[in-house]
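Single-structure report; data block below.
The values are calculated or read from the model by the stated rules, or taken from the named source; none is laboratory data. Everything quoted here is computed from the prediction, not taken from an experiment. Backbone-built Cβ (ideal geometry, glycine too); neighbour counts: all protein chains shown. Surface areas here come from the heavy atoms of the whole protein model, side chains and all, with no ligands, DNA or RNA. Shrake-Rupley method; radii C 1.70, N 1.55, O 1.52, S 1.80 Å.
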Amino acid sequence: MVRPARPLNMVRTVQHRFTAARSTRLTAQLGLWLAAAFAVCFVTGLLSHAIQHPPGWFHWPARPVQLYRITQGLHVATGLACLPLLTAKVWSVYPRLFAWPAVRGLPHALERAAVGLLSAAAVFELVTGLLNIAYWYSVMPFGFLGAHYWTAWLLAGALLLHVAAKLPLLRRAPDPAAPAEPGGWTRRGVLALAGSAAGVVTVATAGQTVRPLRHLSVLAPRVPGVGPQGVPVNKTAAAAGVTRADGAYRLILTGPGGTHALSLADLTDLPQVTADLPISCVEGWSAGASWQGVRVADLLRLVGAGGLDLPVTVESLQRSGPYRTSTLEAAVARDPLTLLALRIGGAPLHLDHGYPCRLIAPNRPGVLQTKWVAALTVGPR
């Protein structure tokens, strides 16, 4: 007596139960979810890019102090949530990818090419974004910033065209389908599974920004509170080529009133101010800390620039790199919470946190909070 191949039958049964849930309406709804997540990720990503590389017309305010922390946290969280949503979307159309004939005329060929471009751009954005927050730059043989930025525009255009072409499908009546078998998957079941997966990914990573979730964020690449003096570090002093200067250190202030060279002792003798501000990184993590130091506005008054509406260029002891210098807009430089910090949590800065002094300003990306500050120069960009 020959026994039936039960494992094969079980596989076919599972496949049938999942296949029965596929429908045009399911694909369209997953597409709308994905489009909404991509839209939030795209807008917040453009905002972050404009803050770091501002065009002449763009001005980013110093208040509210938590704004960048929120927008960049949303950028990374929605990008990660797109991973399970995109997987579910591809699964819902998987059989159509291998339909034959592959091309049924010019319009169909153009549609398939557009979908291919959309899919490739989406995968590229999500994979490179994931590599970026994990600091795996060695596997990207190209400049991450430019590639990620321009592909985002390509993805946004392709997505708008795709949504415009497929939106009418949501208005149709649900696809006729055979009744689901007991225990089988329905459209609502697949949507619930995809939504739950996106929620789990979000909770498992959002703790790097939302502190109450920190114990649940097992997938977060950075954990706030882990690092020298309770704050994470992206670039160490060794990586930046910076060593302790101590007695030889001088801060060079240059403005309309001339140039001043201040030692660390001179900075310590100036009025000290405390500001509770977060460090908010472009990779999505953020950590709050109590900083003590000298107001940048007070330093500007020493070189005759206290009341002038001029930006300030901040230079680092770091030898090279795209963020060796940064620019403080006039309104940010005059803000009373913008400090040249000498201490964190009451203790002198760790070398990896920018000893002997670093910039800390409200509502500003971490890469622009220049460490190991060597000079402040007042004047046009």
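Write out, first by first residue and then by second, each pair whose Cβ atoms fall under 8 Å of each other, whose residues are 6+ apart or on separate chains, and whose first residue, in region 292-309, is open to solvent by less than 30 Å² (accessible area, probe 1.4 Å) while the second is assigned to a loop (DSSP other than H, G, I, E, B) and β-branched (V, I, T).
Taking only residues 6 or more apart or on different chains, the pairs are V296/T338; A297/T338.
Out of G116, G73, which single residue is of a type in the set (G, A, S) and at pLDDT 90 or above? Before the answer, list the steps.
Working: G116 fails: at pLDDT 90 or above.
Unique residue meeting the criteria: G73.
Mind telling me which of the residues L219, L193 ends up being open to solvent by 70 Å² or more (accessible area, probe 1.4 Å), under 23 Å from W33 (Cα atoms) and outside any helix (DSSP H, G or I)? Explain how you work it out, then say what you get.
Details: L193 fails: outside any helix (DSSP H, G or I).
Answer to the check: L219.
Could you list, in sequence order, all residues of region 126-145 that are over 18 Å from A77 (Cβ atoms) and either touching a Phe, Trp or Tyr at 6+ places or on another chain (Cβ under 8 Å) or open to solvent by less than 40 Å² (accessible area, probe 1.4 Å) (or both)?
Across region 126-145, the qualifying residues are Y137, M140, F144.
For R63, state whether it is of a type in the set (K, R) and farther than 30 Å from P365 by Cβ. Let's see the steps before the verdict.
On the way: of a type in the set (K, R): yes; farther than 30 Å from P365 by Cβ: no.
Answer is no for this residue.
Restricting to region 87-111, give me the number of residues that are open to solvent by 50 Å² or more (accessible area, probe 1.4 Å), within 26 Å of the chain's Cα centre (by Cα) and not aliphatic (A, V, I, L, M).
Residues of region 87-111 open to solvent by 50 Å² or more (accessible area, probe 1.4 Å): 87, 90-91, 94-98, 100-101, 103-104, 106-107, 110-111.
Add one more test, that the residue is within 26 Å of the chain's Cα centre (by Cα), and what stays is 87, 90.
Those still in the list that are not aliphatic (A, V, I, L, M) too: 87.
So the answer is 1.
For V90, are the conditions met, namely being over 25 Å from P365 (Cα atoms) and assigned to a loop (DSSP other than H, G, I, E, B)?
Details: over 25 Å from P365 (Cα atoms): yes; assigned to a loop (DSSP other than H, G, I, E, B): no.
No.
Among the residues of region 55-86, how many are free of Cβ contacts under 8 Å to residues at least 60 places away in the same chain, assigned to a loop (DSSP other than H, G, I, E, B) and open to solvent by less than 60 Å² (accessible area, probe 1.4 Å)?
2
Given T377, T370, which one is open to solvent by less than 10 Å² (accessible area, probe 1.4 Å), over 15 Å from Q292 (Cα atoms) and of a type in the set (S, T, N, Q)?
Working: T377 fails: open to solvent by less than 10 Å² (accessible area, probe 1.4 Å).
Exactly one residue qualifies, and that residue is T370.
Please work out which residue is modelled with the lowest pLDDT, limiting yourself to region 226-241 and to residues that are part of a loop (DSSP other than H, G, I, E, B) and open to solvent by 40 Å² or more (accessible area, probe 1.4 Å). Spell out the reasoning first.
Narrowing region 226-241 to residues part of a loop (DSSP other than H, G, I, E, B): 226-227, 231-236, 241.
Still in the running and open to solvent by 40 Å² or more (accessible area, probe 1.4 Å): 226, 234-236.
Working: V226: 83, N234: 89, K235: 91, T236: 93.
Per the stated criteria, the residue is V226.
Kindly indicate whether L328 is surrounded by 20 or more Cβ atoms within 10 Å (Cβ to Cβ), of a type outside the set (S, T, Y) and within 19 Å of V65 (Cβ to Cβ).
The answer is yes for L328.
The rows are residues; the columns are (1) buried (at least 20 other Cβ atoms within 10 Å of the Cβ); (2) over 15 Å from R358 (Cβ atoms).
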position	(1), (2)
T243	no, yes
G247	no, yes
L253	yes, yes
T259	no, yes
P271	no, yes
P278	yes, no
G284	yes, yes
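If a residue must be closer than 20 Å to G307 by Cα and either in contact with a Ser or Thr (Cβ under 9 Å, 6 or more places away or on another chain) or among the aromatic types (F, W, Y) (or both), how many such residues does region 260-276 contain?
Qualifying residue count, region 260-276: 1.
Looking at region 112-120, is at least one residue touching a Ser or Thr at 6+ places or on another chain (Cβ under 9 Å), β-branched (V, I, T), in a helix (DSSP H, G or I) and surrounded by 14 or more Cβ atoms within 10 Å (Cβ to Cβ)?
Within region 112-120, not a single residue is touching a Ser or Thr at 6+ places or on another chain (Cβ under 9 Å), β-branched (V, I, T), in a helix (DSSP H, G or I) and surrounded by 14 or more Cβ atoms within 10 Å (Cβ to Cβ).
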